[in-house]
Amino acid sequence: MSFNYTGLKSSATALLTKFGRQLTFTRTTKGAYSAATGKTSDTTATFDKYCCVFDYSAKEINNSTIQQGDRRILSESHEYELNDSVSLDGKVYRVISISENKPSGTLMSVDLQVRA
């Protein structure tokens, strides 16, 4: 017997909406290269998601995979990509690590590691 995670996903989204804050993410996609102009035609898209933001503890910071100043964002489900950017407390951070919370194939939430 399998568990239906749809209700739990709704609860997770409701909790992030209630206790988190809405952040705006930006994704830039490289366009085709134009030989005539010598440039690419990049496109930019934004999307808003509810998130809870956390600092890493001193114990977690190893100056290798987690560096001083990195932040952890627990976000509602979405297909995030590496190098998406997010404005947070006056700084622009980029997504450097994505960990999906996805039991039985149902995307519940996403842990993002971001770096300024």
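The values are calculated or read from the model by the stated rules, or taken from the named source; none is laboratory data. Small disclaimer: the values here were computed from a predicted structure and weren't measured. Positions of Cβ are generated from backbone atoms using ideal geometry, with glycine treated the same way; all protein chains shown enter the neighbour counts.
Of (1) exposed (fewer than 11 other Cβ atoms within 10 Å of the Cβ); (2) of a type in the set (Gly, Ala, Ser); (3) free of Cβ contacts under 8 Å to residues at least 60 places away in the same chain, Ser2 satisfies all except one. Which?
(3)
Does the range 7-25 contain any residue that is surrounded by 14 or more Cβ atoms within 10 Å (Cβ to Cβ) and in a strand (DSSP E or B)?
yes
Picking from Asp70, Asp48, which residue would you name as being at pLDDT 95 or above, surrounded by 13 or more Cβ atoms within 10 Å (Cβ to Cβ) and touching a strand residue (DSSP E or B) at 6+ places or on another chain (Cβ under 6 Å)? Even if it seems obvious, please write down each step before you answer.
Working: Asp48 fails: surrounded by 13 or more Cβ atoms within 10 Å (Cβ to Cβ).
None of the others qualify; the one that does is Asp70.
Are any of the residues in the range 74-85 within 13 Å of Arg115 (Cα to Cα), of a type in the set (Gly, Ala, Ser) and modelled with pLDDT of 95 or more?
The answer is yes, given that some residue of the range 74-85 is within 13 Å of Arg115 (Cα to Cα), of a type in the set (Gly, Ala, Ser) and modelled with pLDDT of 95 or more.
Across the range 61-116, which residue is farthest from Cys51 (Cα to Cα) among those that are in contact (Cβ under 8 Å) with a residue 24 or more places away in the chain and part of a helix (DSSP H, G or I)?
Ser104
Any residue that is touching a residue at least 12 places away in the same chain (Cβ under 8 Å), of a type in the set (Ser, Thr, Tyr), on the phi < 0 side of the Ramachandran plot and part of a loop (DSSP other than H, G, I, E, B) - is there at least one of those in the range 47-54? Before the answer, list the steps.
Here is the first cut: in the range 47-54, the residues touching a residue at least 12 places away in the same chain (Cβ under 8 Å) are 47-54.
Among the residues that remain, those that are also of a type in the set (Ser, Thr, Tyr) are: 50.
Subset that is on the phi < 0 side of the Ramachandran plot: 50.
Filter once more, keeping what is part of a loop (DSSP other than H, G, I, E, B): none.
Among the residues of the range 47-54, not one is touching a residue at least 12 places away in the same chain (Cβ under 8 Å), of a type in the set (Ser, Thr, Tyr), on the phi < 0 side of the Ramachandran plot and part of a loop (DSSP other than H, G, I, E, B), which makes the answer no.
Looking at the structure I just gave you, is Thr37 under 29 Å from Phe3 (Cβ atoms) and modelled with pLDDT under 95? Don't jump to the end; show me each part of the working.
Working: under 29 Å from Phe3 (Cβ atoms): no; modelled with pLDDT under 95: yes.
So Thr37 does not fit the description; no.
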